[in-house]
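Peer 1: Sharing a structure below in C-alpha cells format, with a few things to ask.
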Amino acid sequence: MSKNLTHKILEAHLVEGRLVAGEEIAIRIDQVLLQDATGTMAMLEFEALGLESIAAEIAVQYVDHNIIQTDNKNADDHIYLQSASARYGLHFSPAGNGVSHQVHMERFGIPGKTLIGSDSHTPGAAGVSVLGIGAGGLDVALAMGGYPYHFPCPKVLGVELTGKLPDWVSAKDLILEMLRRFDVKGCVGKIVEYFGPGVLSLSATDRETIGNMGTELGATTSIFPSDENTRAYLKAQGRESDWTAFSADASAEYDEYEKIDLSKVEPLIAKPSSPGNVVTVREVAGLKVDQVIVGSSVNSSYRDLMVVAKILEGRHACPWTSLNINPGSRQVIENVATGGGVMSLLRAGARIHEAGCLGCIGMGQAPGTGQVSLRTMPRNFPGRSGTKDDLVYLCSPETGAAAAIKGVITDPRDLGDEMPYPRIEDPKEYIVDEFSIVRPTAELRQTTVVRGPNIAALPAFDALPPSLETKVVLIAGDNISTDTIMPAGSKVLPLRSNIPAISRFVFAALDEEFPRKCVEAGAVTIVGGENYGQGSSREHAALAPRFLGVRVVLAKSFARIHMANLCNYGIIPLVFVNPDDYSLINIGATIVYRDIRRSLIEGAAELPVEIDGKTIRAGLRVSERMRRMLVVGGALNMVRQG
C-alpha cells in the first residue's frame, strides 16, 4: 500500500496504538528541544523523575526567550539550566547564540527523526524534514527520560504545491495563504504534509518558515520531503552525512487534500489580532507604520535578512519608522556580515539586536500606544507585544522592508518600478559557528546543579476526590490563547521557574482579580468557548491555574497541546455536549460533578454536570492513559506510582 511521508515516519517510531485518526498513539522520540522560558520547569520536572541522565539521542537546552537581564531572575535561571544540562547530559546553547528553531535546524536536525520541543513552533524543524512537535514541558521531560510521547493520531492534510512563487512573494506569504484558507483552528488534529513539484522551488529555510508558522493553523505539525534542497542545506552546514532522502510514495493517499499554485500567491498580511485575520497587502496599503521587525523565531535566516538588506541597499528607513532586525542565530548574522548585508542594514538605520526571540514573546521591542507594528513573527495575539491594545500585523520580510522605506504599508511589488527583485541564494558553504554550544562530557556530568533564589520547588497536587463542588470565577470566549491565560513579557517571563509567584498573573488581561477569586472559591471551574488554549505550548497556562485551585475547564473545544497540559496537571477538560449550554452559565455559579472520580475510572464518555440546580451533559474526550493521570492528580503522580 502506498504511504504518505507522515505515516512512514510515524510507523518507524510507533510504540503504541494504531495509525487511525483520533486514536491515541505513542511514538519514540529521537531528539528533544527546550527553551529557557519553558525549559526551567521542564528541567525541574525531569529532576523530579529521579533519573541520572537523559535517554533521548540528543537533548538541547536553548536560552533564547528570557535574555533581557533586568535583575537576578533570568541570570539565576540560566545558570540553573547550564549546570543541570551539564549534570544530566544535555547540550547547552547560551543567550545570544540564537533561537532554538534556527540553531537546531543548523546544527542538529536530521531528516526522518522525531523531535519534541517545549515550544509550540518546534514544527519549524520541517525545514530539514524532521517531524517536530510542540508539547508541554512535562511531556518533554518524560521524552528526555526515554518515555514515549502520547498524542491523538492526526489526520494527514496533503497540500500539493505547483508552480513557483513570483517576484516579491516569499514563503511567509504561502503560510499566510494557508491561514487565509484554514484560519487558526482549521488544521486542529492534522499534520500538514507538503508535496508536489512546487516543493522543489522552496529552500530549506523557506520550509522552516512554513513549518514554524504552521503551528498557527492549529496543526500538530508540518512536514516536507527530504530532497536535494535538504541535502544542499545540510552540505552547506557541513553535515551532508546526516542527509537521507525521504518522500511520500508516488500514489500516496491523504485524509484531506488541498492544492496551491505558487505562481498565484500574492503579498499577504495578518491584521490585528490573530494570525488568521489575513488579507492582501493592497487592502491595507497606505496605513502609517511606526515599527518594523524582521526576524525572531521565523523569517530570521540568512535569506530573510539578506533580502531585506538588498532591498534597503542605498536607501534609508523612513524617519518615523523604527526598523529592527532580530537574527535567528549568531551564525546567521556572521554570514549576513560576510555577504555585506550588515553594512546595508546599518546605513539604512536598522537596529540590529542580538539573536533571540525578543519582541515575539514580549521581551522588549513593545510598540508605543496606538502605534502600528509590522512583524515577520508568527503571532499577533492581543497584547503579546507587551503593549495593551496593540496593533501588530504579520507579514513577509519583503513587505516589512517596503514599509520601512515608505513609512506606510506598501505592497512590495510596487518597489519593482524602482529596482529588480533581489532573489537571494543560500550560501554553498555557510560559515559554521557552533563554538558557543556546550556539549556534554563525562567531566561535566560531575557538575553540581546551581539553584538560585528564583528557582522554586515544584508544587505537589492531590488526587481527584470522589466528587467536586466548584465555583465559576471566569467565562472566556472563543480562541482564548495561552498568552491570555498566562501572559509573557518582561515582567512575567522571568517568573517561569517560580509557580507561586507567576500564578499572581493568571488571566491578568481579562480579570486582575482572578487569582484572589480562585483562592476564595477553593475549587474552580473555568468556562471557555471554541479552541480554548490555542497558541504557545507553555504548560504554565495549566500549571499555574491548577496551583490556584482550578480543577475543571468546561469548554466548547480545546487546542491540542493545552488539553494535554491540563491533563498532565490534573485539570479535567470537559466539553459541552450541547454548545448552547455555554450561555446558561454565569460567573459565580456553583457547578457540582458528582461521582466524577468513578466516572473517570469506569470510562464514562459523558457525565452529568449540575449548574445551580440545573443539569447538563458534558463530554469527557480523553484517553485511558489521561483518565489514569486525572484520577491520581497528574502525570508526575502517575509516573511516580508506576
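Peer 1: Sort the following peptides by mean Cβ neighbour count (other Cβ atoms within 10 Å, averaged over residues), highest first: 410-420, 444-454.
Peer 2: The densest-packed peptide leads the list: 410-420, 444-454.
Peer 1: Give the order of Thr484, Thr6, Thr244 when sorted by the count of other beta carbons within 10 angstrom, beginning with the fewest.
Peer 2: Taking fewest neighbouring Cβ atoms as first place, the list is Thr244, Thr484, Thr6.
Peer 1: About its Cα centre, what dipole magnitude does the chain give when the only charges are +1 on Lys and Arg Cβ and -1 on Asp and Glu Cβ, stated in debye to the nearest 20?
Peer 2: 780 debye
Peer 1: Using a basic spin-label model with each label point 7 Å from the Cα along Cα→Cβ, how many nm lie between Glu469 and Glu313?
Peer 2: It is 7.4 nm.
Peer 1: On to the next question. If Lys and Arg each add +1 and Asp and Glu each add -1, what is the summed charge of the other residues whose beta carbon sits under 13 Å from the beta carbon of Leu345?
Peer 2: Cβ neighbours under 13 Å give a net charge of +2.
Peer 1: Roughly how many whole Å is it from the C-alpha centroid of the stretch 596-623 to that of the stretch 1-49?
Peer 2: Their Cα centres are 29 Å away from one another.
Peer 1: Quick one: what are the phi-derived ³J(HN,Hα) couplings along the stretch 161-174, Karplus 6.51/-1.76/1.60 with θ = phi - 60°, whole Hz, x for glycine and proline?
Peer 2: 9, 10, x, 8, 4, x, 4, 6, 10, 9, 4, 4, 5, 5
Peer 1: Right, here's the next one. Compute the length gained on full extension between Arg504 and Lys3: take 0.36 nm times their separation in residues and subtract their Cα-Cα distance, giving the result in nm to one decimal.
Peer 2: Result for the pair: 175.5 nm of gain on full extension.
Peer 1: Express the relative contact order of the stretch 468-641 as a whole percentage, based on alpha carbon pairs under 8 Å and six or more residues apart in sequence.
Peer 2: 23 percent
Peer 1: To the nearest 0.05, how large is the calculated FRET efficiency for Asp167 and Glu16 if R₀ is 56 Å and r is the Cβ-Cβ distance?
Peer 2: In this case the efficiency is close to 0.70.
Peer 1: Name the long-range amide H neighbours of Val372: under 5 Å, sequence gap of 5 or more, or other chain; modelled H, no Pro or chain starts.
Peer 2: Amide H neighbours of Val372, under 5 Å, 5+ apart: Asp290, Gln291.
Peer 1: Once amide H atoms are built 1.01 Å from N in the peptide plane, which residues 5 or more positions from Gly146, or in another chain, come under 5 Å H to H?
Peer 2: Under 5 Å from the amide H of Gly146 lie the amide H atoms of Ala55, Ala56, each far enough along the sequence or on another chain.
Peer 1: Could I ask something else about it? Go ahead and estimate [θ] at 222 nm for the chain from helices alone: -39,500 (n - 2.57) per DSSP H run with n ≥ 4, summed, over the residue count, rounded to 500.
Peer 2: So the helix-based figure for the chain works out to -8000 deg cm²/dmol.
Peer 1: Quick one: putting +1 on the C-beta of Lys and Arg, -1 on the C-beta of Asp and Glu, what dipole do you get for the stretch 543-642 around its Cα centre, in Debye to the nearest 20?
Peer 2: Dipole size: approximately 420 debye.
Peer 1: Can you give the Kirkwood hydrodynamic radius of the stretch 1-150 from its Cα pairs, in Å with one decimal?
Peer 2: Computed over the stretch 1-150, the radius equals 15.6 Å.
Peer 1: In the P(r) worked out for the chain, what percent of Cα pairs fall beyond 39 Å?
Peer 2: Summing the P(r) tail past 39 Å for the chain gives 26 percent.
Peer 1: What ³J(HN,Hα) values, in whole Hz, does the Karplus curve 6.51 cos²θ - 1.76 cosθ + 1.60 give for the stretch 210-225 when θ = phi - 60°, with x put for Gly and Pro?
Peer 2: Computed from phi, the couplings for the stretch 210-225 are 5, x, 4, 7, x, 4, 5, 6, x, 5, 4, 5, 10, 8, 10, x Hz.
Peer 1: Let me ask another. Spelling out what I want: for every residue of the stretch 570-584, take phi, set θ = phi - 60°, compute 6.51 cos²θ - 1.76 cosθ + 1.60 (Karplus), and round to whole Hz; glycine and proline get x.
Peer 2: Karplus values, whole Hz, x for Gly and Pro: x, 8, 7, x, 10, 10, 5, 5, 10, x, 5, 5, 3, 6, 7.
Peer 1: Label-point separation (nm) for Asp417 and Asn586, each offset 7 Å from Cα along Cα-to-Cβ?
Peer 2: Output for this residue pair reads 6.1 nm.
Peer 1: Using alpha carbons only, how many angstrom separate the centre of the stretch 181-253 from the centre of the stretch 417-473?
Peer 2: Taking the Cα centre of the stretch 417-473 as reference, the centre of the stretch 181-253 is 23 Å away.
Peer 1: Fewest to most neighbouring Cβ within 10 Å: what's the order for His353, His101, His78?
Peer 2: Fewest-to-most ranking of His353, His101, His78: His353, His78, His101.
Peer 1: Using a ≥ b ≥ c from the Cα gyration tensor of the stretch 222-281 (square roots of the eigenvalues), is it rounded, prolate or oblate, where a/c under 1.5 gives rounded and otherwise the larger of a/b and b/c decides, a/b for prolate?
Peer 2: oblate
Peer 1: So if each residue of separation counts as 0.36 nm, and I subtract the Cα-Cα distance between Arg445 and Arg640, what length gain in nm does that give?
Peer 2: Gain on stretching Arg445 to Arg640: 67.8 nm.
Peer 1: Also: When a/c reaches 1.5 or more, the comparison of a/b and b/c decides; with that in mind, is the stretch 268-417 rounded, prolate or oblate per its Cα gyration tensor?
Peer 2: oblate
Peer 1: What shape does the stretch 500-642 take by its C-alpha gyration tensor, where a ≥ b ≥ c are the square roots of the eigenvalues and a/c under 1.5 counts as rounded, a/b above b/c as prolate, and the rest as oblate?
Peer 2: Rounded, since a/c falls under 1.5.
Peer 1: Next question. May I ask you to derive the FRET efficiency for Asn578 and Leu51 from their Cβ-Cβ distance with R0 = 51 Å, giving the value to the nearest 0.05?
Peer 2: 0.65
Peer 1: As an exercise, use a Förster radius of 22 Å and the Cβ-Cβ distance of Ala460 and Glu602 to find the FRET efficiency, rounded to the nearest 0.05.
Peer 2: 0.25
Peer 1: Another question about this same structure. Which one of Pro272, Phe381, Ala404 has its Cα pushed farthest toward the positive end of the charge dipole of the stretch 268-417, where Lys and Arg give +1 and Asp and Glu give -1 at the Cβ?
Peer 2: Phe381
Peer 1: I want to check the label-to-label distance for Glu228 and Glu240. Put each point 7 Å from Cα in the C-beta direction and report it in nm to one decimal.
Peer 2: 1.4 nm
Peer 1: In what order do Ile561, Ile437 fall by count of nearby beta-carbon atoms within 10 Å, going from fewest to most?
Peer 2: Ile437, Ile561
Here, each number is a calculation from the coordinates, and none is a lab measurement. Here the structure is a predicted model, which is why all the values come from computation and not from measurement. Here the Cβ is made from the backbone with ideal geometry for all residues, glycine too, and neighbour counts use every protein chain on show.
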